[in-house]
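Take a look at the structure set out below.
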Amino acid sequence: MDWNKVALAVAATVAAGLTTAAGAASADVPPPVSGRTLTVGPGGQYSTVQAAADAARPGDNVRIAPGVHTGGLSIRTSGSPGKYITFYSEGGTAVVKGRGGSKGLLALGNHSWLRFHNLTFAGSRGFGAYADGGHDLVFENFGIDGSQDGGLVLLNTSNVLVDGCEIKGTNAEGTSADHEALSLGHGTRDAEVRNCRVHDNGEEGIDVKYTENARISIHDNVSSNNRGPNIYVDSASDVQVYNNVVSGAKGETKAGIALAVEDWSETRELDNVKVYNNVSYGNAQAGLSIWVESSGTLSNVHIVNNTFYGNKKGAISFDGDEYAGVNILRNNIFAEGPAANTGFVSDHNVTGDPGFADPRAGDFHLTAAAAKAIDKGSAAYAPAFDRDNNPRPACAGHDIGAYEYKEGR
């Protein structure tokens with residue numbers, strides 16, 4: 001099975017137009033009505049992106065012509081409440097190339113009220129984009145294409161939206177690289193990552209780490225063919241991971257999704273993490289792994305209505321025995337075989353292929369033949385929607401797995 005080709009096909013399907021459970025992605029396309037528009041490129045007011053950025057003030061828009069621009073971008077001015085400084089391209093993607101470094105090819109520092117739309121930052125010898133301490137940051141149709149260290153790294157930030165991004169080819173230094181393809185860490189809170197493709201990176205894909213009361217949601221993304229894990233939550237609390245497709249984690253010890261407490265953590269706790277409506281398949285280790293590096297506690301972990309298939313080390317790998325609170329395994333499809341742990345309440349799960357539409361093509365919708373999954377789930381702790389954002393239940397009862405069966409599909 002070439003899971004890489006399957007993942008690309010799934011990514012194309014997702015990119016064709018997902019909406020979230022909360023509604024469609026923002027239709028607000030730059031530039032905003034107010035503020036000046038500063039132009040960059042042939043015939044523009046400025047020859048470089050940096051020159052336009054240095055001239056921009058709160059509420060201004062920097063329109064960057066499609067094509068390649070060299071030199072990088074260092075942000076030196078913040079917007080203000082209700083007055084973002086918006087950097088955008090229209091009629092095509094603007095690609096900013098340069099050496100980058102420890103501050104990032106896109107160096108945001110601790111600046112705030114910034115928006116980036118239809119831009120890609122490529123080829124950094126350090127980080128692709130790096131922020132530490134800013135807030136009210138928006139990245140839409142945003143890309144990182146190649147970096148030696150992490151791709152989009154957001155530390156100690158808040159009120160962040162990452163929507164429709166593509167991050168690939170980061171962490172070229174492998175395990176010696178700093179941070180991950182998309183890192184939300186060290187105090188980042190109130191962040192949402194949705195509708196993104198994070199693939200073919202040299203370390204973790206999407207990583208949430210070292211933050212209590214994070215209030216972070218990771219949803220409707222495709223994360224594939226990273227060294228892995230494709231999605232990672234480490235020593236954080238109040239995190240939701242849902243409606244994602246993860247596949248092809250390459251490292252032998254790397255799962256599709258991983259929940260962990262590493263020794264870097266000061267709290268040694270992972271708490272209130274919800275994992276639901278995800279599809280995890282074709283990973284080198286398990287579909288989902290739970291592990292503690294040396295000591296730590298995992299509590300109130302809910303793993304509900306997920307589909308696991310074709311993962312080499314089983315659906316779930318348990319490597320941690322310090323559990324607290326109410327931990328739940330419910331309404332999951334474990335196609336690889338049973339998965340259970342005494343630290344979890346486990347019920348309404350099914351094993352094997354219950355009747356998938358076309359698993360070899362990455363289609364894990366239920367067919368009419370999936371009698372042991374259709375209407376056999378529990379409503380307790382079940383999400384109100386499925387991976388297609390269709391309501392649950394569709395018929396007499398909740399279905400098991402990431403998808404509700406839709407008659408006539």
Going through Gly282, Gly296, Gly251 one at a time, which residue ends up being modelled with pLDDT of 95 or more and at positive phi?
Gly282
Filtered residues of region 40-82 (kept if of a type in the set (Gly, Ala, Ser) and part of a loop (DSSP other than H, G, I, E, B))
Gly41, Gly43, Gly44, Ser47, Ala56, Gly59, Ala65, Gly71, Gly72, Ser78, Gly79, Gly82
Go through (1) crowded, with 22+ Cβ neighbours inside 10 Å; (2) assigned to a strand (DSSP E or B); (3) within 23 Å of the chain's Cα centre (by Cα) and name the single condition Val95 misses.
(1)
How many residues are without any contact (Cβ under 8 Å) to a residue 40 or more places away in the chain, part of a loop (DSSP other than H, G, I, E, B) and surrounded by 23 or more Cβ atoms within 10 Å (Cβ to Cβ) if we restrict to region 181-201?
2
For Asn110, all conditions in the list (1) surrounded by fewer than 22 Cβ atoms within 10 Å (Cβ to Cβ); (2) within 16 Å of Val198 (Cβ to Cβ) hold save one; what is the number of the exception?
(2)
Output the residues belonging to region 372-405 that are of a type in the set (Gly, Ala, Ser), surrounded by 13 or more Cβ atoms within 10 Å (Cβ to Cβ) and either more than 28 Å from the chain's Cα centre (by Cα) or not in a loop (DSSP other than H, G, I, E, B) (or both).
Gly397
Looking for whichever is modelled with pLDDT under 95 and at negative phi here; the options are Val62, Val95, Val49, Val33. Which one fits?
Val33
I need the full set of residues from region 251-292 which are buried (at least 23 other Cβ atoms within 10 Å of the Cβ), among the small types (Gly, Ala, Ser) and part of a loop (DSSP other than H, G, I, E, B), in order please.
Ala255, Gly256, Gly282, Ala286, Gly287
Options Leu119, Leu161; residue that is modelled with pLDDT of 95 or more, aliphatic (A, V, I, L, M) and surrounded by fewer than 20 Cβ atoms within 10 Å (Cβ to Cβ)
Leu161
Could you count how many residues in region 308-324 are surrounded by 14 or more Cβ atoms within 10 Å (Cβ to Cβ) and either without any contact (Cβ under 8 Å) to a residue 24 or more places away in the chain or touching a Leu at 6+ places or on another chain (Cβ under 9 Å) (or both)?
8
In region 307-333, how many residues are more than 22 Å from Tyr281 (Cβ to Cβ) and among the hydroxyl-bearing types (Ser, Thr, Tyr)?
1
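The values are calculated or read from the model by the stated rules, or taken from the named source; none is laboratory data. The model shown is predicted, which means the values in this text are computed figures rather than measured ones. Note that each Cβ is placed from the backbone with ideal geometry, even for glycine, and that neighbours are counted across all protein chains shown.
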